[in-house]
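The values are calculated or read from the model by the stated rules, or taken from the named source; none is laboratory data. These numbers were taken from a predicted model, which means no experiment stands behind them. Backbone-built Cβ (ideal geometry, glycine too); neighbour counts: all protein chains shown. Note: accessible area is taken over every heavy atom of the protein model, side chains too, but ligands, DNA and RNA are not part of it. Shrake-Rupley method; radii C 1.70, N 1.55, O 1.52, S 1.80 Å.
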Amino acid sequence: MFYLQGSQMLQLLENSLRKHLPESLKAYGTVFHMNKGNPFKLMALVDKWPDFNTVVIRPQEQDMTDDLDHYTNTYLIYSKDPMNCQKFLGSSEVINWKQHLQIQSSQSSLEKVIEHLGAINLGKIKHTQCFLYMVLDTAKKLAPSLVDTKNLVHGSDKPKPINKEVFKFTSLDVTHAALVNSVWHFGGNERSQKFIERCIHTFPSFCIMGPEGIPVSWCLMDHTGELRMAGTLPQYRRQGLIYHISQHQIHTLRNLDIPLYLHVGKSNFTIQRLFAMLDHVLMPCNWNQWNYVPYKAGKE
């Protein structure tokens with residue numbers, strides 16, 4: 001195992017991961033931001049260097065003190081040999097299998113190895129798989145071979161312009177975390193709220209402020225740089241607000257020249273239509289998240 005330290009090693013890792021897009025997207029997006037200041041203080045581990053087979057990006061040990069906090073205890077994985085990386089991923093120095101944790105990857109081929117490691121460590125694995133998208137400009141830059149404008153699905157019937165007398169574009173404050181948490185599909189608890197607070201504090205966030213003086217629609221970025229946790233208050237849905245705040249987010253972040261990518265549930269046809277309107281590019285690989293719970297862990 002090698003812990004990659006210093007800007008030169010991390011830049012070489014980023015360059016290498018870029019060659020394996022889109023399967024390396026979750027790891028690549030995370031390392032990109034590690035090379036821009038590493039705001040979440042993550043670390044990168046590889047099985048060997050420089051010709052690595054598997055990379056794992058994770059928080060530092062001092063930040064993983066809550067055994068029940070799978071939002072913090074998150075591992076981003078890419079492997080050139082996903083069928084033969086079990087020894088590396090099974091090491092306690094790489095992944096702490098005594099904790100509640102989650103693994104994210106753009107490689108569905110890791111499924112058997114992760115399931116086997118979950119069984120070996122006497123725990124339960126829940127696999128969530130979603131569609132993975134790149135924003136069009138990002139795809140043109142990073143994966144041009146996947147962009148065929150003749151095959152892009154362009155959405156029609158785009159929402160009417162926003163009423164700027166009623167709705168104002170602004171950013172979220174950490175005090176808005178509870179509101180975001182209340183509608184986030186993966187959230188709704190104390191630990192997820194703390195994670196959202198950290199995301200708002202660390203990365204740019206965007207919202208539409210409603211007439212009551214509170215956010216009514218919003219978009220965030222998570223610790224990997226992925227565009228996530230978008231939501232709209234129930235009473236303001238079906239007005240196209242999520243389209244407008246997403247468009248505003250993408251337009252603003254585009255100027256920062258960062259990779260923009262996101263996922264959506266396979267049954268969430270509403271958001272899939274939204275992504276068509278925004279000309280996002282569907283990747284040939286999936287967004288995967290494996291939630292692991294050790295049977296002997298304490299109860300929340």
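Since only His263, Asn189, Thr202 are under comparison, the one whose Cα sits farthest along the positive direction of the charge dipole of region 153-278, derived from C-beta charges on Lys, Arg, Asp and Glu, is His263.
This model, with +1 at the C-beta of Lys and Arg and -1 at the C-beta of Asp and Glu, gives the chain a dipole about its Cα centre of some 520 debye. For Tyr3 and Ala276, the FRET efficiency from 1/(1 + (r/R0)^6), where r spans their Cβ atoms and R0 equals 35 Å, is about 0.25.
For the chain, the longest principal axis of the C-alpha atoms and the axis of helix 7-18 are separated by about 70°. Model label sites at His116 and His20, defined 7 Å from Cα along the beta-carbon direction, differ in position by 1.8 nm. Adding -39500 (n - 2.57) for every DSSP H run of four residues or longer, then dividing by how many residues the chain holds, sets the calculated 222 nm ellipticity at -8500 deg cm²/dmol. Taking every DSSP bridge with both residues inside the chain, close to 95 percent are antiparallel.
About its Cα centre, the dipole of region 86-206 is roughly 60 debye, where the only charges are +1 on Lys and Arg Cβ and -1 on Asp and Glu Cβ.
This model, with +1 at the C-beta of Lys and Arg and -1 at the C-beta of Asp and Glu, gives region 170-300 a dipole about its Cα centre of some 380 debye.
Going through (i) 19.2, 59; (ii) 25.2, 88; (iii) 32.7, 107, the figure that equals Rg and Dmax of the Cα atoms in Å as computed for the structure here is (i). Within region 231-250, which residues have the backbone N less than 11 Å from the label spot 7 Å out from Phe169 along Cα→beta-carbon, could you tell me? Hits in region 231-250 for Phe169 at 11 Å: 244-250.
Order of 263-276, 225-238 by packing, highest average Cβ count within 10 Å first? Could the numbers behind the result be given before it?
Values: 263-276: 15.8, 225-238: 17.6.
Averaged packing, sorted descending, gives the order 225-238, 263-276.
Accessible surface calculations at 1.4 Å, restricted to protein heavy atoms, place region 1-115 at 43 Å² per residue.
Across the accessible surface of the chain, with the other protein chains kept in place and a 1.4 Å probe, carbon and sulfur atoms take up 51 percent.
Give the accessible surface of region 153-278 per residue, rounded to a whole number of Å², with probe radius 1.4 Å and ligands, DNA and RNA excluded.
Working: 6340 Å² over 126 residues.
For region 153-278, the solvent-accessible area averages 50 Å² per residue.
Close amide-amide hydrogen proximity is noted between Ser205 and Leu172, each under 5 Å apart and 5 or more residues distant or on a separate chain (H modeled in the peptide plane; Pro and chain starts excluded).
Would you please put 42-51, 28-37, 122-131 in order of how densely packed they are, using the mean number of other Cβ atoms within 10 angstrom per residue and starting with the highest?
Highest to lowest by the protection proxy: 28-37, 42-51, 122-131.
Near the amide H of Gly123, within less than 5 Å, lie the amide hydrogens of Tyr295, all on another chain or at least 5 residues away, with H placed in the peptide plane.
Protection proxy ranking of 215-224, 13-22, by the mean of other Cβ atoms within 10 Å over each peptide's residues and highest first, is 215-224, 13-22. For region 165-300, rounded, prolate or oblate, judged on the Cα gyration tensor with a ≥ b ≥ c (square roots of eigenvalues), a/c < 1.5 rounded, else prolate if a/b > b/c? The shape class here is oblate.
By DSSP, the beta bridges lying fully in region 25-108 are antiparallel in about 75 percent of cases.
Separation of region 246-300 and region 183-231, taken as the distance between their Cα centroids, equals 13 angstrom.
The string of couplings for region 25-35 from the Karplus curve (6.51, -1.76, 1.60, θ = phi - 60°) is 4, 4, 5, 4, x, 5, 5, 3, 6, 4, 7 Hz, one whole number per residue in order, with x for Gly and Pro.
Distant-in-sequence amide contacts of Asn286, defined by a placed amide H-H separation under 5 Å and a gap of 5 or more residues or a different chain, comprise Ser108. Taking θ as phi - 60° and the Karplus parameters 6.51, -1.76 and 1.60, the scalar couplings of region 181-187 work out to 4, 5, 10, 6, 4, 8, x Hz in sequence order, x denoting glycine and proline.
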